[in-house]
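Data first, discussion second: the structure below is written as C-alpha cells.
The values are calculated or read from the model by the stated rules, or taken from the named source; none is laboratory data. Note that the structure is predicted; figures quoted are calculated from it, not measured. Backbone-built Cβ (ideal geometry, glycine too); neighbour counts: all protein chains shown.
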Amino acid sequence: MSSDLIRVENLTVGFGGKSLMKDVGFTVAAGEVFVILGGSGCGKSTLLKNMIGLYRPMAGRIFIAGEDIVQATGDGKRAIQRKFGVAYQAGALFGSMNLIDNIGLPLEEYTGLDAAARELTARMKLSLVGLAGFEQRMPAELSGGMQKRAAIARAMALDPAILFLDEPSAGLDPITSAGLDELILRLARNLGITFVVVSHELQSIFTIADRVIMLDKRQQGIVAAGTPADLRDNSPNPWVRQFFNREAP
Amino acid sequence: MLGGRLDAAGVAPLWPEARAALAAQSGRAVVVDAAGVEYCDGAGLAFLVDLLRQERPAEAAVRIVGLAERFDRLLAQFDVEQFRQPLVRPVVDDSLLHRIGLASLELAADLKTQVAFIGEAGRALAAAARSPGRVRWGDALAIAEEAGVNALPIVTLVAFILGVILAYQSAVAMRQFGAEVYVADLIGISMVRELAPLMTAILLAGRSGAAFAAEIGTMRVNEEIDALSTFGFDPVRFLVVTRVLAALAVTPLLAVYADVVSIAGGALVLLSFQVPLATYFNEVFTLVGMSDLFTGLFKCGVFGVVIAGIGCLRGLQTGSGAAAVGISTTRAVVSALVLIVVVDGSFAIVFYHLGL
C-alpha cells in the first residue's frame, strides 16, 4: 500500500470552460511539507481550492487519504474535508469571535467535549502557535502575522492529518515570516502533520519544503518537481532556474 | 489506567469521569498508567494536561507514567503551569442602569457625528454647486440608474397594489352612501400628497440606503477610504455628493411614477364599481392640484437626501470585519426609517400652518 496521503490524477482546472492547467498529477507523502510554487496568476490557489473541494475540476481525480473528494458530495465530502484543515491567505478568522471561540467553534460542532475541555484544547492550540495570552483578543486586534498563526491554530482544531496553507508568508516581514516557517517545521516534525503550502516566497520554500512542484501558466501545468535545491541547481528548464535565481527575463 | 485511542471521540466520555475520580481522591497521590495508550492527538494531550494541571497539594500530585515516548514528547511541548490559571472572561456590566448609560453616551456621540457629517456634506454640496464640473457625474448617473431605474419594478408592484387596496377598502364603505366616485378624490389626494412619497422613501431606504451603507462600509473595511484620503481626495466629495445628488434626482421621479401607477390601480378597481374611467380621472384632476403634487415632490427630495446621507454616514462609520458591514447596513435602514417618519411629521405640521 502506498504511503501517499494525497494523490492528484490527470487534473484539469479552470473557469468558464477555459482551462488554467491541464492533466496535472502528483502525490504528497504522509508527513512531508509539500510546496506548490509558481508565478503570479499561474493557478496555485485555484489548484489548492480544487484540492480542498471548494472548486470542482473540469477533469481528473483528487484522493485525500484514499477517498476521492471530486466525486464525493454532501456528508461524504464533509467527512473528507474534516480530515484536513485550511489556513486561508488572509486568515479568514471569524471577525465577530475572539480567538478562543474561533478555535472552539469546530470543537463544539464536531466533538462531544464539554465547554471546559474545549477551552483547554483551544488554549493549547494557541499556545502551540505562540499565541498564549491572546485567547480573548478579537481578530481585528491582531497583526497580520498573528492572524495567520491563529488561522493555523484554528485549522488544527480537529487535529487533522493534513494542513493546507495558502500563501502563509505573503505580506509578512522577514522575521515574522521566518517565525511562521519555524512553526510549520515544528508542527510537521513534532506532530507529523502533512503540509501542502502554496507559496512563491523563495526564502521560505528553501526553509520548509521537502518537495516542490512548480506550475507555469504558459505550459498550463507542472514544469518541474523535486527538492528546491535540486530545481535551482539542476533543472533543465531555463525558466525554472531563472525563477529560483531571481533573474529578470 | 488509560488505554486505547486518546482522541476527541475517545476522551469526551472519559473526561468528566476522570475529573470526578481525581476530586474523589483529592488528598492522595494519583498515578495514571498510560502504557496502554495507542494514539494521542491534540484532544488527548489536552485531557492529559487537564489531569496534570489540577490544583492539589504536593503530596497528592498527579503523575502520568508509561506514556509512549512519541506521545510523551508531544506532551512535553506544553507548560502545564501555563494552563493552571483558568481563562477569565471579561466581566460585562449588564445592569439596566449601565446599559441606559451606554446607550445615552452612544446616542450623544452619534448626534455629534451626524451634525458634523451634515456640515461636511453641506460644504461638499455647496462646493459642487459652485463648481459643477468637479462633480463626478458619471458615478452619479450610474448610482441614479441603480437606485432609480432598477427600482421601477418594485415601485410598480407596491404602488399598484397600494392603489388597489386603497380603492377596495374605501369603495366598499362609500358604496353605502352611493359615493363611490369620491374614492377617486381619496386616492388622488392621499397618494400624491402622502402615500406615494412615503412608500417611495421606504423602498429607497430598504434598497438603496442599505446598498450605500454596505458598499461604503466594505470600502472602509478594505481600506479603500483610507486610500482615497491619502491621495488627498475628500471621501465625502467622492462618495457622498454623488449619492446624495443621485437620490435627490430619482426620488421625486419615482414618486411621480408611483402616483401614476397607484391612481391607475384605483381606476381599475372602480371600473368594477361601475365608475367610468373618464369620471374617475376627471375627479382626480379636478381635486388634485399642483400644490399637492409639489408638496409631495418636495418631501420626496428631502427624503432622498436624508436616505442617501444617512446611508453614506453609516457606511463611513463602519468598524472592522464583516460583521461591522452588517451592523452599518442595519443602522442605515433603521436610521433612515426613523428620520423619514420624523421629517414627514414635521412637514405635516409646517404645511398645515402654511395652509398648503
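Observations, loosely collected:
- Test: residue in the range A:19-28 that is among the basic types (Lys, Arg), in contact (Cβ under 8 Å) with a residue 60 or more places away in the chain and surrounded by fewer than 17 Cβ atoms within 10 Å (Cβ to Cβ): yes
- For residue B:69: the one exception among (1) assigned by TED's automatic domain parsing to the domain that holds residue B:305; (2) more than 25 Å from the chain's Cα centre (by Cα): (1)
- Among the residues of the range B:14-61, those identified as basic (Lys, Arg) and either within 14 Å of chain A (Cβ to nearest Cβ) or over 55 Å from the mean Cα position of the chain (by Cα) (or both) are B:19, B:28, B:53.
- Of all positions in the range A:53-61, at least one carries a residue that is free of Cβ contacts under 8 Å to residues at least 40 places away in the same chain, outside any strand (DSSP E or B) and over 14 Å from the mean Cα position of the chain (by Cα).
- Residue within the range A:187-208 that is out of contact with any strand residue (DSSP E or B) (no Cβ under 7 Å at 6 or more places or on another chain) and within 25 Å of residue A:98 (Cβ to Cβ) present: yes
- Among residues of the range B:86-108, those that are of a type outside the set (A, V, I, L, M, F, W, C), farther than 30 Å from residue B:38 by Cα and within 14 Å of another protein chain (Cβ to nearest Cβ), counted: 2
- Long-range neighbours under 7 Å by Cβ, at least six apart or interchain, first residue over 10 Å from residue A:82 (Cα atoms) within the range A:154-165, second in a loop (DSSP other than H, G, I, E, B): A:154/A:93; A:163/A:156; A:163/A:193; A:164/A:52
- Exclusive hit being of a type in the set (Gly, Ala, Ser) and buried (at least 18 other Cβ atoms within 10 Å of the Cβ), set B:227, B:255: B:255
- Of everything listed in (1) within 16 Å of the chain's Cα centre (by Cα); (2) within 14 Å of chain B (Cβ to nearest Cβ); (3) without any contact (Cβ under 8 Å) to a residue 60 or more places away in the chain, the single unmet condition for residue A:91 is (3).
- Set B:243, B:220, B:237: member being modelled with pLDDT of 95 or more and within 21 Å of residue B:120 (Cα to Cα): B:243
- Of all residues in the range A:127-147, those that are among the small types (Gly, Ala, Ser) and under 25 Å from residue B:81 (Cβ atoms) total 4.
- Number of the exception - residue B:64 against (1) closer than 26 Å to residue A:162 by Cα; (2) touching a Leu at 6+ places or on another chain (Cβ under 8 Å): (1)
- Condition check for residue A:104 on (1) within 7 Å of another protein chain (Cβ to nearest Cβ); (2) within 20 Å of residue B:14 (Cβ to Cβ); (3) among the small types (Gly, Ala, Ser): one failure, at (1).
- Qualifying helices (runs of 4 or more DSSP H) (wholly inside the range B:138-253; at least 3 residues being under 30 Å from residue B:282 (Cα atoms) and not aromatic (Phe, Trp, Tyr)): B:152-175, B:183-189, B:196-204
- Restricting attention to the range A:123-147 and to residues that are farther than 17 Å from residue A:183 by Cα and part of a helix (DSSP H, G or I), the residue that is nearest to the other protein chains (Cβ to nearest Cβ) turns out to be A:140.
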